[in-house]
Amino acid sequence: EPEVTQTPSHQVTQMGQEVILRCVPISNHLYFYWYRQILGQKVEFLVSFYNNEISEKSEIFDDQFSVERPDGSNFTLKIRSTKLEDSAMYFCASKAGPSYNEQFFGPGTRLTVL
Amino acid sequence: GENVEQHPSTLSVQEGDSAVIKCTYSDSASNYFPWYKQELGKGPQLIIDIRSNVGEKKDQRIAVTLNKTAKHFSLHITETQPEDSAVYFCAASDQGAQKLVFGQGTRLTINP
């Protein structure tokens, strides 16, 4: 069964460093998302991406964040200068198309900022 | 924007009993309500969903009900089994907005 994959599973970084979280969405899916979950809190929407551009972003997704689909398979989230409060679990999700509702989630990347 | 509240935050039931988790939403434009199960170390997995033109949906031991007037929806698990132990999240979405707005999650523990 096709699934969303994410790498790495755990990333530890120093405050101020740049990190790139990687995702491989399900093949042929057209909509891509990043969500994050701070320990003990809700899963929060960060950004959605369709047709090679951001379709919606939350207020969390400030200038320190960017997304890219560098090739036909990868979808990345970059945090330019990490802060302590960026420590969270980051989930990538993908959806087949506009007439489908189900979003398929990856296993997540745990980001720890020291 | 949309706000989803979920209760209870933890729920412990005896194996074989039923479990009910409730969610409320604020935006009347929301029309899609999925429920996700998250096991330790894994991402959320969709277990059932309901659209606003339907009041109830059932899939084996799992059912979801939706009350559009009151803006609440519930997950019902019958004949619970140890493998039902997990964190369950409700969510709401406006199809036009696409994004999911999640509830706080419920940690369900099934006691043998």
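Brief remarks on what is shown
- Among the strands (runs of 3 or more DSSP E) confined to region B:72-112, there are none with at least 2 residues that are in contact (Cβ under 8 Å) with a residue 24 or more places away in the chain, crowded, with 19+ Cβ neighbours inside 10 Å and more than 13 Å from the chain's Cα centre (by Cα).
- Residue match in region A:23-37 (condition: away from chain B (no Cβ under 14 Å), among the polar types (S, T, N, Q) and touching a Pro at 6+ places or on another chain (Cβ under 7 Å)): yes
- Checking each residue in region A:21-46 for being farther than 13 Å from A:Thr112 by Cα and either loosely packed, with under 14 Cβ neighbours inside 10 Å or among the acidic types (Asp, Glu) (or both) picks out A:Ser27, A:Asn28, A:Gly40, A:Gln41, A:Glu44.
- Residue in region A:47-59 that is surrounded by fewer than 12 Cβ atoms within 10 Å (Cβ to Cβ) and assigned to a strand (DSSP E or B) present: yes
- Any hit, region B:51-59, residues being under 27 Å from A:Pro107 (Cβ atoms) and surrounded by 18 or more Cβ atoms within 10 Å (Cβ to Cβ): no
- Number of the exception - B:Cys23 against (1) within 23 Å of A:Ser99 (Cα to Cα); (2) buried (at least 17 other Cβ atoms within 10 Å of the Cβ): (1)
- Contact map, region B:45-67: residues that are in contact (Cβ under 8 Å) with a residue 24 or more places away in the chain paired with residues that are part of a strand (DSSP E or B) and among the small types (Gly, Ala, Ser), Cβ distance under 8 Å, separation 6+ or inter-chain. Pairs shown: B:Ile48/B:Ala63; B:Val64/B:Ser74.
- Residue list for region A:48-66, restricted to those being facing chain B (nearest Cβ under 9 Å) and either more than 14 Å from the chain's Cα centre (by Cα) or not aromatic (Phe, Trp, Tyr) (or both): A:Ser48, A:Ser55, A:Glu56, A:Ser58
- Filtered residues of region B:55-112 (kept if among the β-branched types (Val, Ile, Thr) and away from chain A (no Cβ under 14 Å)): B:Ile62, B:Thr65, B:Thr69, B:Ile77, B:Thr78, B:Thr80, B:Thr109, B:Ile110
- Output for region A:97-110, where each listed residue is touching a residue at least 24 places away in the same chain (Cβ under 8 Å), part of a loop (DSSP other than H, G, I, E, B) and within 8 Å of another protein chain (Cβ to nearest Cβ): A:Gln103, A:Gly106, A:Pro107, A:Gly108
- Region A:75-102: number of residues that are surrounded by 15 or more Cβ atoms within 10 Å (Cβ to Cβ) and either under 13 Å from the mean Cα position of the chain (by Cα) or at positive phi (or both): 12
- Hits in region A:13-38 (condition: under 16 Å from A:Ala88 (Cα atoms) and in a loop (DSSP other than H, G, I, E, B)): A:Gln14, A:Met15, A:Gly16, A:Gln17, A:Glu18, A:Ile38
- Members of region A:68-96 found to be within 14 Å of chain B (Cβ to nearest Cβ), out of contact with any His (no Cβ under 8 Å at 6 or more places or on another chain) and not in a strand (DSSP E or B), listed by number: none
Results for (1) within 23 Å of B:Thr106 (Cα to Cα); (2) of a type outside the set (D, E, K, R); (3) in contact with a Ser or Thr (Cβ under 9 Å, 6 or more places away or on another chain), shown as yes or no for each residue.
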| site | (1), (2), (3) |
| --- | --- |
| A:Lys42 | yes, no, no |
| A:Tyr50 | no, yes, no |
| A:Glu53 | no, no, no |
| A:Glu59 | no, no, no |
| A:Phe75 | no, yes, yes |
| A:Ser81 | no, yes, no |
| A:Ser99 | no, yes, no |
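Every number in this text was worked out from the coordinates using simple rules, so none of it is lab data. On a predicted model such as this, the values are computed, not experimentally measured, just so you know. Reconstructed Cβ throughout: ideal geometry from the backbone, glycine too, with neighbour counts over all protein chains shown.
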